[in-house]
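Visitor: Before I ask anything, let me first share the structure, which is written out below as structure tokens.
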């Protein structure tokens, strides 16, 4: 009955953790998972993925899901 | 007192010559050089170069110039 | 189609050579190969860059790269696609990314290659941290 | 900038490797390399192609390639350009042409690469004669 929460890059450093496992009870959307795990308000530019797919903060999540939070991506090259 | 005339690809084969040297007397433009050297009317799609630069058939030419005639180019790749 | 995520330096031209050699059925069928290679520069936003760490979200990266490669093959008539992306510690002049597309004609090859690098750049979950004389910094916004 | 007109088969990836190795001042300065390679297919306009002869007007070709390379460098901020074009007798799967552009950013690299191959294709004085089971034929018009 748990949800995995992952953080990357600057938000991983800021929160001081890269992964968290939270109880799924009372968690209905990605933003709920953030609120329970991170303990600070969700920054407006934070990107969200649910099960490795981009999602909005209000995307429903359920037991067993993996929710990730990360800043804008900077892959590839400019 | 001469002009060099060069032919490439299918027109070279059709005329049976790749290079000709003609007297420059009476030759005022590229088309004159064609008429003296080729002996058939200038085909409408034939490209013309004077001294290695694309030119129109009415481009003036003079002693020492190199005039080339060739079909549409097919370099590079499609 | 091949996708490689590598934590070590790679030579894009050798990888392309190797990939092409491993696809004998391609020989004679493609008229156009378009390639893009992104390489780490030694300067960015006014500072010398001494090194870069590329962090990524591995399973999501793999999924994303597979999806965009399939999308490119659905949108354009291409014969083959090779995508290579580094992660981990990089030095200036190290290749970061390589996109190679084989197609019958050059319009498709260019269009698919451009699409793939743009998708990698704007959507793949990678984050750059540069080491400059002023310390480490996350590259959070890039100008094109 | 380098321009090569070759009457023998070449490996574009080796030529790019060699050119880049010969330009140590480039290292760390370019973030983007865009490459196009045109290769002889074994079929065209419904017929098998067994071989191709590429005739050209040598001094005009050289002049034209130098000019378009300079034009590309004037129009886009590019660091270096390599142009290679075969002539003479080619076999299917032989590379015909290679255009490589090194630039700080990918927009310039792609734009200059595309410009160069389009100029080579539409203006450089080359003519193709294909050998098919039905004999030799001049390729006088090509569909893109």
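Each value in this text was obtained by applying a stated rule to the coordinates, not by laboratory testing. The shown structure was predicted, so the numbers you read here are calculated from the model rather than taken from an experiment. Positions of Cβ are backbone-derived with ideal geometry, glycine not excepted, and every protein chain shown enters the neighbour counts.
Visitor: Taking the C-alpha atoms of chain B, how large are the radius of gyration and the largest Cα-Cα span, Dmax, in Å?
Guide: Values for chain B (Cα only, Rg and Dmax): 12.0, 43 Å.
Visitor: What's the ranking of C:51-58, A:40-47, B:35-42 by average number of surrounding C-beta atoms within 10 Å, highest first?
Guide: Per-residue Cβ counts within 10 Å, averaged per peptide and sorted highest first, yield C:51-58, B:35-42, A:40-47.
Visitor: Could I ask something else about it? Could you give the nm distance between label points at residue D:10 and residue D:67, where each point is 7 Å from its Cα heading toward the beta carbon?
Guide: My value for the distance between the label points is 2.1 nm.
Visitor: Angle between the Cα long axis of helix C:106-123 and the longest principal axis of chain C, 0 to 90 degrees, nearest 10?
Guide: The angle comes out at about 30 degrees.
Visitor: Shielding of A:9-18 by partners, i.e. mean partner chain Cβ atoms within 10 Å per residue?
Guide: 3
Visitor: Nm distances between the label at residue C:66 and the same-position labels in the remaining copies, 7 Å along Cα→Cβ, shortest first?
Guide: 5.3
Visitor: Other chains near D:95-101: what is the mean number of their Cβ atoms within 10 Å of each residue's Cβ?
Guide: Shielding by partners across D:95-101 averages 2.
Visitor: Can you sort C:85, C:70 so the residue with the fewest Cβ neighbours within 10 Å comes first?
Guide: Arranged by neighbour count, lowest to highest, C:85, C:70 become C:70, C:85.
Visitor: If packing is taken as the average number of other Cβ atoms within 10 Å across a peptide's residues, how do D:94-103, D:59-68 rank, most packed first?
Guide: Highest mean packing first, the order is D:94-103, D:59-68.
Visitor: Another question, then. Could you tell me the calculated FRET efficiency between residue B:4 and residue C:42, based on Cβ-Cβ distance and R0 = 56 angstrom, to the nearest 0.05?
Guide: Between residue B:4 and residue C:42 the formula returns 0.60.
Visitor: How far, in degrees from 0 to 90, does helix C:58-75 lean away from the longest principal axis of the Cα atoms of chain C, to the nearest 10?
Guide: Value to nearest ten degrees: 40.
Visitor: Arrange A:1, C:1 by Cβ neighbour counts within 10 Å, fewest through most, would you?
Guide: Ascending Cβ contact count within 10 Å gives the list A:1, C:1.
Visitor: Any chance you could check the Cα centroid distance between region C:1-43 and region D:103-144 for me, in angstrom?
Guide: 22
Visitor: Also, quick follow-up: Under the definition of partner shielding as Cβ atoms of other protein chains within 10 Å of a residue Cβ, what is the mean value for peptide C:120-132?
Guide: Per residue, the number of nearby Cβ atoms from other chains is 5 on average.
Visitor: I've got another one for you. What is region D:16-89's relative contact order, in percent, from Cα pairs under 8 angstrom and six or more apart in sequence?
Guide: The normalised contact order for region D:16-89 reaches 37 percent.
Visitor: A follow-up question, please. Would you mind listing the distances between the residue C:4 label point and the same position in each other copy? Use 7 Å along Cα-to-C-beta, nm, one decimal, shortest first.
Guide: Copy-to-copy label distances at residue C:4, shortest first: 2.2 nm.
Visitor: For region C:1-134, count all C-alpha to C-alpha pairs, find those more than 19 Å apart, and express that count as a whole percent of the total.
Guide: So the pairs more than 19 Å apart make up 51 percent of the total in region C:1-134.
Visitor: Would you mind calculating the gained length between residue D:75 and residue D:140 on full extension (0.36 nm times residue separation, minus the Cα-Cα distance), in nm to one decimal?
Guide: Extending this stretch completely gives an extra 20.3 nm.
Visitor: Treating the point 7 Å from Cα along Cα-beta-carbon as the label, what are the nm separations from residue B:43 to the other copies, to one decimal?
Guide: 6.7
Visitor: Can you give me the relative contact order of region D:1-127 as a percent, contacts being Cα pairs under 8 Å and 6 or more apart?
Guide: Averaging sequence separation for qualifying contacts and normalising by length gives 39 percent for region D:1-127.
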